[in-house]
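Contents: one structure, followed by commentary.
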Amino acid sequence: MEAVFDRPHALCDVPTHYCPGCTHGIIHRLIAEVLDELDIEGDTVGVCPVGCSVMAYDYFGCDMIEAPHGRAPAVATGVKRASPDKVVFTYQGDGDLAAIGTCETVHAAARRENITVIFINNTTYGMTGGQMAPTTIPGQITQTSPYGRDTAMQGYPIKICEMLAAVDGTAFVQRVSADSVPHILEAKKAIRKAFENQLNGIGFSLVEVLSTCPTNWGMTPSAAMERIRKELIPYYPLGIYKDISNQSK
Ligand SMILES: Cc1ncc(C[n+]2csc(CCOP(=O)(O)OP(=O)(O)O)c2C)c(N)n1
Ligand code: SF4
């Protein structure tokens, strides 16, 4: 019988530790499919964050490195500059990329490092039990904003795509979502484009994926998907925020 759906080769045949309904697994799969399609698994080095995806090195078949919290773009910069023939990507949560790692992210973009960044925005610190993140939306209840994020006290969320689009060095930045089949297909296209940009020497390419954390949101998996549609997409509009791939560099 013809197989119509299979595990991508670049995704290891092991169970993951992610909670039911967590979209980290879906996004891993999309990356692995792209590595297979572009036939670059053997040439790729992934950089893991600190966060729930800290053990992504067990899940991808390519070479992987573990970075200190927030430092993945700096580690990726080192790998790419030392081995420009390698395809280098980071995989980072919003606590990792938009809090402790803001500096590394902005400066890697400003330098137009030729790396691919996959940014998982689930609006909370998943691994440590659901504290407020820079991306927590106004009114959102978390462990450290039990009455809802109060912008007068706790400030406003950072919109990473909008912010990086204003950085001259950024080459490509797109926000996608993992909440539904059409959006997952769009996410796959964006991730593929971010890897192709690197192969074509276009430079710093980031894809933000709106993601679930049913465990810390206190929701069922399906309610968490619905929350992305009802609350997150209106606050974080999907789309391409910058794309220089068709312009002269
Ligand atoms: C230097 C340092 N500071 C803080 C921590 C604690 N810590 C571990 S994971 C994490 C945040 C993870 O959240 P996020 O990046 O959003 O990823 P998620 O777990 O939601 O996928 C923090 C603050 C740490 N491990 N190291
Ligand atoms: S705590 Fe949240 S982000 Fe972490 S694995 Fe569970 S659902 Fe996913």
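The values are calculated or read from the model by the stated rules, or taken from the named source; none is laboratory data. Bear in mind the structure is a predicted one, so any value in this text is a computation, not a measurement. Virtual Cβ from ideal backbone geometry, glycine too; neighbours counted across all protein chains shown.
Key figures for this structure:
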{"item": "So Arg192, is it in contact with a Pro (Cβ under 9 Å, 6 or more places away or on another chain) and either basic (Lys, Arg) or at pLDDT below 95 (or both)", "result": "no"}
{"item": "Selection status of Pro84, out of contact with any strand residue (DSSP E or B) (no Cβ under 8 Å at 6 or more places or on another chain) and closer than 19 Å to Phe195 by Cα", "result": "yes"}
{"item": "Any pair with Cβ under 7 angstrom, 6 or more apart, that starts in region 206-232 at a residue that is farther than 29 Å from Pro73 by Cα and ends at one that is more than 11 Å from ligand 2 (Cβ to nearest atom) and assigned to a helix (DSSP H, G or I)", "result": "Met219/Arg227"}
{"item": "Subset of region 44-63 (residues that are over 16 Å from the mean Cα position of the chain (by Cα) and within 16 Å of ligand 2 (Cβ to nearest atom))", "result": "Asp58"}
{"item": "Given (1) surrounded by fewer than 16 Cβ atoms within 10 Å (Cβ to Cβ); (2) within 12 Å of ligand 1 (Cβ to nearest atom); (3) assigned to a helix (DSSP H, G or I), number of the condition Ala56 does not satisfy", "result": "(1)"}
{"item": "Failed item in (1) buried (at least 21 other Cβ atoms within 10 Å of the Cβ); (2) within 16 Å of ligand 2 (Cβ to nearest atom); (3) in a helix (DSSP H, G or I), with Ala76 passing the rest", "result": "(2)"}
{"item": "Residue within region 145-157 that is of a type in the set (A, V, I, L, M), assigned to a helix (DSSP H, G or I) and closer than 30 Å to Lys86 by Cβ present", "result": "no"}
{"item": "Among the residues listed as Glu41, Glu2, Glu33, Glu66, the single one being away from ligand 2 (no atom under 16 Å from the Cβ) and touching a residue at least 60 places away in the same chain (Cβ under 8 Å)", "result": "Glu33"}
{"item": "Selected residue (only one of Thr123, Thr128, Thr105 is farther than 22 Å from Tyr18 by Cβ, of a type in the set (S, T, N, Q), within 13 Å of ligand 1 (Cβ to nearest atom) and not in a strand (DSSP E or B))", "result": "Thr105"}
{"item": "Qualifying residue in region 213-231 (condition: out of contact with any His (no Cβ under 8 Å at 6 or more places or on another chain), more than 16 Å from Asp94 (Cβ to Cβ) and away from ligand 2 (no atom under 16 Å from the Cβ))", "result": "yes"}
{"item": "Residues located in region 209-244, provided they are part of a loop (DSSP other than H, G, I, E, B) and surrounded by 15 or more Cβ atoms within 10 Å (Cβ to Cβ)", "result": "Ser211, Thr212, Cys213, Met219, Tyr236, Leu238, Ile244"}
{"item": "Residue among Glu66, Glu41, Glu113, Glu2 that alone is among the charged types (D, E, K, R) and within 20 Å of Phe172 (Cα to Cα)", "result": "Glu113"}
{"item": "Residues of region 1-37 classified as surrounded by 13 or more Cβ atoms within 10 Å (Cβ to Cβ), of a type outside the set (A, V, I, L, M, F, W, C) and either away from ligand 1 (no atom under 15 Å from the Cβ) or in a loop (DSSP other than H, G, I, E, B) (or both), total", "result": "11"}
{"item": "Residues located in region 89-131, provided they are of a type in the set (A, V, I, L, M, F, W, C), within 19 Å of Leu238 (Cβ to Cβ) and within 16 Å of ligand 2 (Cβ to nearest atom)", "result": "Leu97, Ala98, Ile118, Phe119, Ile120"}
{"item": "Residue in region 165-177 that is within 16 Å of ligand 2 (Cβ to nearest atom), surrounded by 21 or more Cβ atoms within 10 Å (Cβ to Cβ) and either part of a loop (DSSP other than H, G, I, E, B) or on the phi < 0 side of the Ramachandran plot (or both) present", "result": "yes"}
